[in-house]
Structures are given as C-alpha cells and as structure tokens.
Amino acid sequence: MDIVLLAKAAIMGIVEGLTEFLPISSTGHLILAGSLLGFDDDKAKVFDIAIQTGAIFAVILVYWQKIHSTIVALPRQPKARRFALNVLIGFLPAVVLGLLFGKAIKAHLFTPTVVASTFIIGGFIILWAEKRPPGSVRIEHVDDMTPWDALKVGLVQCFAMIPGTSRSGSTIIGGMLLGLSRKAATDFSFFLAIPTLIGAGVYSLYKERALLSAADIPLFAVGLLFSFLSAWLCVRWLLRYISTHDFVPFAWYRIAFGIVVLATAWSGVVTWAE
C-alpha cells in the first residue's frame with residue numbers, strides 16, 4: 001500500500017472526525033480537503049462516507065451509558081420506548097429522501113463552489129438562530145421530546161444532503177429554532193447520527209462494492225481509526241463547550257471559510273476540482 005495514500009487517508013479521517021459533529025459540515029470539508037489532496041475519485045467518495053462510521057463509534061462510546069440504559073429499559077419503561085421511537089422517527093426522513101434524491105445530489109452538488117456557498121448561508125442561519133428570545137425554549141432535555149418534535153428535526157436533517165450544509169448544523173440549529181435547548185438539540189443530533197451515518201456507510205459500501213477490493217482494507221482502516229480518535233476528542237470537547245458557550249464562533253468560521261474558498265476559486269489562486 002502506498003504510504004502517501006495512507007497519509008491522505010489519515011488526514012481525511014482527522015478532517016472527518018473533527019468536523020462531523022460541529023455545525024461546519026464534515027462533507028463540505030472532506031470535499032475541499034479531497035480536492036486539495038487529489039483524493040476525489042469515485043473510490044474516495046465511498047471512502048468519505050464509510051469513515052463516518054468511525055466517528056459514530058466515538059459517539060457510541062461517549063454516550064454508552066445512555067444507550068445501554070435505554071436498551072435495558074425498553075421492555076418496561078415508556079420513557080425509554082419513546083426515546084427509541086423518537087430516534088427512529090427522526091431517522092426515517094433521511095432514508096426516504098436520501099433514496100429518492102441522493103444520486104442526483106451527488107452528481108450535481110458535490111462541488112467546492114456549492115460547498116462554499118452553503119457554508120456562508122449556513123453561517124448566517126446560525127447567527128439568526130442564536131438571536132432567538134430566551135423564552136423560546138420549550139424542551140430542556142432530550143427525553144422530553146415528542147414524536148412530532150423528532151419528526152420535525154428529522155425533516156430538517158434532510159437539508160444536510162446538500163453538501164456544506166452540515167448534518168450536525170441542520171439538526172442542532174434546526175432543533176434550537178424548533179424550541180429545543182442547545183443541550184437537547186445537541187444530544188438528539190448525536191443520537192440521530194448513529195443510525196443515519198451507519199446506514200449511509202453500509203449502504204454506500206454495498207452499492208459501490210464493485211469499486212472496492214481487499215487491497216483497500218488498509219486505506220479504509222486508517223481512515224476509520226483516525227476518524228474515531230479525532231471524533232472522540234471533538235465530541236467530548238463540544239459537550240463541555242456548549243454548557244457555557246453559543247455557536248456564534250462557528251457561524252463566523254463558516255462565513256469566513258466560504259468567502260476564502262470562493263475568492264481563491266474565482267481568482268485562480270487555487271484550482272478546486274469540480
């Protein structure tokens with residue numbers, strides 16, 4: 001296996017893990033990083049989706065106590081069954097719309113220009129969400145969500161099919177606009193990521209299996225490992241961060257980064273692969 005290719009896989013894994021659960025779009029950063037590294041062929045696109053599973057293992061580890069207690073309590077506690085049902089309901093819109101429109105979106109929207117534009121738009125939406133009045137919070141804890149709340153967050157998550165929008169950004173900021181507290185929206189975003197990203201990874205590997213061979217195992221293993229490690233550090237940091245901070249810095253980061261990408265593309269300083 002080419003050492004340079006493994007190094008690229010490690011970099012992509014780190015990018016995935018650090019950006020998957022922040023409201024800044026992991027897919028967008030992977031598209032841009034892949035463009036700069038020359039790691040953007042059809043196999044690389046499968047790789048980008050597959051290594052999300054490594055990031056999800058980090059969430060499972062961080063939230064293992066909640067996940068385990070919910071599974072154990074399912075037969076006897078209505079609260080546990082409602083929580084599991086909410087995650088399932090929130091997951092379904094992404095399945096339906098992903099199957100209907102996923103291929104067309106990948107064919108036409110996975111470009112640096114689209115990513116940069118959605119970075120900027122998403123940044124302004126975050127700034128707007130953070131200006132909501134204090135009395136707009138209806139739900140303080142993820143266990144207080146209703147199936148209707150879960151469905152609305154699940155529908156908002158579907159905006160993340162547009163690269164650069166951010167799955168975490170859609171669910172966290174969307175959840176906040178729908179009346180969830182910052183903590184409840186973040187927690188539900190993480191739990192919703194488990195079936196969503198594992199499902200996307202498994203489906204992508206199965207669908208594109210003809211592109212892959214046993215020789216690709218080291219490449220994917222390196223990406224998964226670095227994705228897991230960086231995501232584990234990032235999730236733990238983010239949960240501490242949101243207890244005392246808002247998402248405004250991420251909004252300005254998105255806007256500034258998007259402007260830089262557009263400016264370098266239009267000026268010819270960087271030739272971003274389309």
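The values are calculated or read from the model by the stated rules, or taken from the named source; none is laboratory data. Since the structure is predicted, the reported quantities are computational estimates derived from the model, not experimental observations. Quick reminder, even Gly has a Cβ in these numbers, built from the backbone with ideal geometry, and neighbours come from all protein chains shown. Heads up: the accessible areas ignore ligands, DNA and RNA and are worked out on the full protein's heavy atoms, side chains in. Shrake-Rupley method; radii C 1.70, N 1.55, O 1.52, S 1.80 Å.
According to the square roots a ≥ b ≥ c of the eigenvalues of the Cα gyration tensor, what is the shape class of region 205-265, taking rounded for a/c under 1.5, prolate for a/b larger than b/c otherwise, and oblate for the remainder?
It comes out oblate by the Cα gyration axes.
At 20 angstrom or more along the helix axis (alpha-carbon based) and mean Kyte-Doolittle of 1.0 or higher, what helices does the chain contain? Whole DSSP H runs only.
3-19, 78-109, 112-129, 217-241, 248-267
First compute the accessible area of region 58-189 with a 1.4 Å probe, then give the percent of it belonging to carbon and sulfur atoms.
Roughly 72 percent, rounded to a whole number.
Return the distance in nm (one decimal) between the two label points of a simple spin-label model at residue 198 and residue 259, each offset 7 Å from Cα along Cα→Cβ.
Label-label distance for residue 198 and residue 259, simple model: 4.2 nm.
Ranked from the most accessible area to the least, with a 1.4 Å probe and all protein chains present, what is the order of 64, 128?
Result, largest first: 128, 64.
Answer rounded, prolate or oblate for region 143-274, using the Cα gyration tensor with square roots of eigenvalues a ≥ b ≥ c: rounded when a/c is under 1.5, else prolate when a/b is larger than b/c, else oblate. It would help to have the intermediate numbers written out before the result.
On the way: a/c = 1.73, a/b = 1.19, b/c = 1.45.
Note, shape of region 143-274 comes out oblate.
Give the range of the longest stretch in the chain that excludes all trypsin sites (Lys or Arg not before Pro) found in loop regions by DSSP and having at most 12 other beta-carbon atoms within 10 Å.
Here the longest run is 132-274.
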